[in-house]
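Asks: Dumping the structure here so I can ask a few things about it.
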Amino acid sequence: MTATIPQQLAAVQARIETAARSVNRNPATVKLIAVSKTFSAGEIRPALDSGHRLFGENRVQESQSKWPELKSAFAGVELHLIGPLQSNKAHDAVALFDAIHTIDRLKIAQAIAAEMAKQEKSLELFVQVNTGEEPQKAGISPLDAASFVAHCRNVLHLPVSGLMCIPPLDEEAAVHFAFLAKLAKELELPSLSMGMSGDFETAIEFGATHVRVGSSIFGHRDSQPTP
Ligand SMILES: *Cc1c(COP(=O)(O)O)cnc(C)c1O
């Protein structure tokens with residue numbers, strides 16, 4: 001017997017609570033972003049029916065094909081963009097999403113600032129940090145993070161609230177989570193987007209406020225590898 005999506009969602013939520021309590025954190029301070037990329041509106045509905053409202057997607061165009069319909073059917077949906085963003089998609093991203101986790105270069109920061117002003121909409125924003133300094137991975141280099149965040153805040157007046165990272169696959173995630181938490185503290189940023197299906201409990205130990213969990217909820221994806 002395979003578990004249903006609502007059952008898997010509840011199981012992940014229970015693991016989040018246990019992980020939070022184990023380090024004396026209030027479980028309510030950890031938000032579960034159910035990552036629904038590659039899954040259809042029909043596959044996402046059971047999660048919405050069960051009451052979950054916070055979802056993550058990694059592509060703007062794919063999201064546009066399913067979320068307008070789901071947002072009008074279910075009140076209170078909060079949608080987070082967790083994948084790389086191109087500046088020509090900034091308009092659509094600001095229009096559809098409530099948060100962006102992948103502010104990773106000046107051009108994107110500028111495009112988002114301009115769109116938020118134009119659309120008179122404020123989004124929750126995270127700066128993605130390439131903690132493993134992997135050449136193929138998006139994100140600001142750790143050495144540039146402080147000046148980049150300062151520029152976003154002071155010059156672009158962007159409401160940056162946190163940092164996000166995707167640790168290298170072949171390294172101990174804990175080291176990267178600890179590093180990101182320390183950096184966020186230094187920069188006085190309250191939010192930390194870190195932890196996926198394989199490591200969200202570890203991320204919670206190190207202070208994650210937003211965990212991004214896909215396959216443990218929706219099952220195996222056969223397309224689109226994790227960036
Ligand atoms: C796909 C994805 C996730 C979720 O990954 P799972 O291992 O399926 O939980 C989290 N974060 C980002 C940035 C992703 O692209």
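Asks: Using 7 Å Cα-to-Cβ label points, what is the T29/Q119 separation (nm, one decimal)?
Replies: 3.1 nm
Asks: Now for a separate question. Which distance in nm do the two modelled labels at K107 and A11 give, with both placed 7 Å along the Cα-to-Cβ direction?
Replies: For K107 paired with A11, the spin-label model returns 4.3 nm.
Asks: Starting from the Cα of Q86, move 7 Å in the Cα-to-Cβ direction to define the label point; list residues of the stretch 92-111 whose amide nitrogen is under 19 Å from there.
Replies: Those under the cut-off are 92-97, 101-111.
Asks: Enter the accessible area per residue of the stretch 1-89 (Å², integer; probe 1.4 Å; all protein chains in place).
Replies: Here the per-residue accessible area is 49 Å².
Asks: To continue, here is another question. Enumerate the lysines that K121 could reach by cross-link, defined here as Cα to Cα under 18 Å, with residues fewer than 8 away along the same chain left out.
Replies: In chain and number order, the partners are K71, K89.
Asks: Over the chain, what is the mean sequence separation of C-alpha contacts under 8 Å (at least six apart), divided by residue count, expressed as relative contact order in percent?
Replies: 21 percent
Asks: Here is a further query. Can you compute the FRET efficiency between S50 and H220 using 1/(1 + (r/R0)^6), with r the Cβ-Cβ distance and R0 = 22 Å? Round to the nearest 0.05.
Replies: 0.60
Asks: Quote the relative contact order of the stretch 90-140 in percent (integer), defining contacts as alpha-carbon pairs under 8 Å separated by 6+ residues.
Replies: Relative contact order here is 43 percent.
Asks: Restricting attention to the stretch 102-184, which GluC sites (Glu not before Pro) occupy a DSSP loop and are surrounded by at most 10 other Cβ atoms within 10 Å?
Replies: E120
Asks: So, in Å, what gap is there between the alpha-carbon centers of the stretch 164-192 and the stretch 86-163?
Replies: Answer, in whole Å: 17.
Asks: Same structure again: Assuming a ≥ b ≥ c are the square roots of the Cα gyration tensor eigenvalues, decide whether the stretch 134-182 counts as rounded (a/c under 1.5), prolate (otherwise, with a/b larger than b/c) or oblate.
Replies: Cα axes put the stretch 134-182 in the prolate bin.
Asks: May I ask you to list, by number, the DSSP H helices of the chain whose Cα span along the axis is at least 24 Å and whose average Kyte-Doolittle hydropathy reaches -0.5 or more?
Replies: Helices passing the filter in the chain: 5-22.
Asks: With label points built 7 Å along Cα→Cβ from the Cα atoms of A178 and R153, find their separation and express it in nm.
Replies: Roughly 2.5 nm, to one decimal.
Asks: Counting only protein heavy atoms and a 1.4 Å probe, tell me what percentage of the chain's accessible area is made up of carbon and sulfur.
Replies: Of all accessible area on the chain, carbon and sulfur atoms account for 52 percent.
The values are calculated or read from the model by the stated rules, or taken from the named source; none is laboratory data. Being a predicted model, the structure only gives us computed values, none of them experimental. Positions of Cβ are generated from backbone atoms using ideal geometry, with glycine treated the same way; all protein chains shown enter the neighbour counts. Surface accessibility is based on the protein's heavy atoms, side chains included, excluding ligands, DNA and RNA. Shrake-Rupley method; radii C 1.70, N 1.55, O 1.52, S 1.80 Å.
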